[in-house]
1. Going by average Cβ density within 10 Å per residue, which order do the peptides 113-123, 265-275 take, highest to lowest?
2. Tabulate in residue order the Karplus-calculated ³J(HN,Hα) for segment 225-239, using 6.51 cos²θ - 1.76 cosθ + 1.60 with θ = phi - 60°, rounded to whole Hz; enter x for Gly and Pro.
3. Of the peptides 76-85, 238-247, how do they stack up when ordered by the mean number of other Cβ atoms within 10 Å, highest first?
4. Taking amide hydrogens as modeled 1.01 Å from N in the peptide plane, which residues meet the under 5 Å criterion relative to residue 195, leaving out close sequence neighbours?
5. Quick one: what are the phi-derived ³J(HN,Hα) couplings along segment 282-287, Karplus 6.51/-1.76/1.60 with θ = phi - 60°, whole Hz, x for glycine and proline?
6. Can you work out ³J(HN,Hα) from phi for every residue in segment 109-116, in order, using Karplus 6.51 cos²θ - 1.76 cosθ + 1.60 and θ = phi - 60°, giving whole Hz and x for Gly and Pro?
7. Please list 105-111, 136-142 highest first by mean number of surrounding beta-carbon atoms within 10 Å per residue.
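Every read-out reported here was derived from the displayed coordinates using simple, explicitly stated rules and does not represent laboratory data. Please read these numbers as outputs of a predicted model, since none were measured by experiment. Here Cβ is always computed from backbone atoms with ideal geometry, including for glycine, and neighbour counts include all displayed protein chains.
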Amino acid sequence: MTRTSTRRGRRGAALLVALATIAVLASVTAIASSQARQAASVVDNRRSQATARAMAESGILAARARIEARLRDAGVDSARMDRAFDALTTANGPVVQDTVGDGVFATAVVDVSARLDVNTAGADGLATLLATVAPPGDARRVAAAIDARVRGADNETAEATGASSEARRQRLQRDSMGAALLGRAPTTRAMQPFTSLDELLTVPGMTAEWLDALAADLTVDGDGRVNRRGASRRVLAAASGTLVDRPSRLLLISRGWRRDHVLTREIQAVYDVTGTELRLVRWREQDR
C-alpha cells in the first residue's frame, strides 16, 4: 500500500511538472507572439509614414506641374490667365488628387495674396481689419503689439513675450552683420516675423474668437502685395501695400496617406508666381 502511494505521488509530481512546463511554454509563446505583432505594427506604421510623406510630396509636385502647365497654355492672353487663376483658387475641392499603389494624395491651392499678411500689413492695416471683429480700442492695441513684435520689440514688449536680453543681442548682431554684407544700414531692432497664425494668440489681448473670425483673411506667407480680384472687402479696406490683379503667391497644401490607414502627412509649400513659373519660398511639414 505504501509503494502504491509512493508511485501515485511520483506520478502526481510528474504531472505537476509537466503542467508547469506547458504553462511556461504557453507564456513564452504568447510573449513571443505579442512581440512579433508589435514589431509588425511598428514596421507597418513606418511604412504608412513613408507612404504618406511620399504621397504628400507627390501632390505638391503634381499640383505645381499642373499650375505651370495652365499658365503656359494661357500665355500672354490676360483673360485666359485670369480664368486659369480663378479656376485654381476658387476650386471647391482639390486641384489634383490621385492614387499610386496603396498611396493617395490630394492637393488644394490657396491664394495667400488675397489675404492680409500679418508681417507686412503694419499697425494701421491690422487695426482696420481687427476692428471688424473687435472694439476699436482693443483692435488698435492688439495691432500695435503685433506690429511691435514683427518689427522688433522694445525692451518692455520683449520682456512680455519672454525674449531674453542675450537672445535679443544675438539677433541684433546677426541682423547687423547681414546688413553689412548686403551694403545696407545696420538695423537697431531684431525682426521677429510670425510663422503661423496660431502665434498671434501669444500677443497680449488677442483672443481665439477674433482669430477664428479673421483666419480666412490673414496669412503669414504673403509678400506685401494684395490681389484685389481675390481679396475680400475688409482685406481691401485694410490693405496698405501694393494692389495687384493676379496672385503673387500661392500656398499649396498637400495631404498624403496610405489607403485604409489613418496617419496623414501634410506639406504646405509657398510659391512666388513669376510669369508662368512657381518659385519655392517656404516649405512646412506636419502629421495630421
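1. Working: 113-123: 24.1, 265-275: 19.0.
Ranking, from highest mean packing down: 113-123, 265-275.
2. 9, 10, 7, 5, 6, x, 6, 6, 4, 6, 5, 5, 5, 8, 5
3. Numbers: 76-85: 14.0, 238-247: 17.7.
So the order, starting with the most tightly packed, is 238-247, 76-85.
4. The list, which skips near neighbours in sequence, is empty: none.
5. Couplings: 8, 9, 10, 9, 6, 8 Hz.
6. 10, 10, 7, 6, 6, 8, 10, 8
7. On the way: 105-111: 23.0, 136-142: 16.7.
Put in order of decreasing packing, that is 105-111, 136-142.
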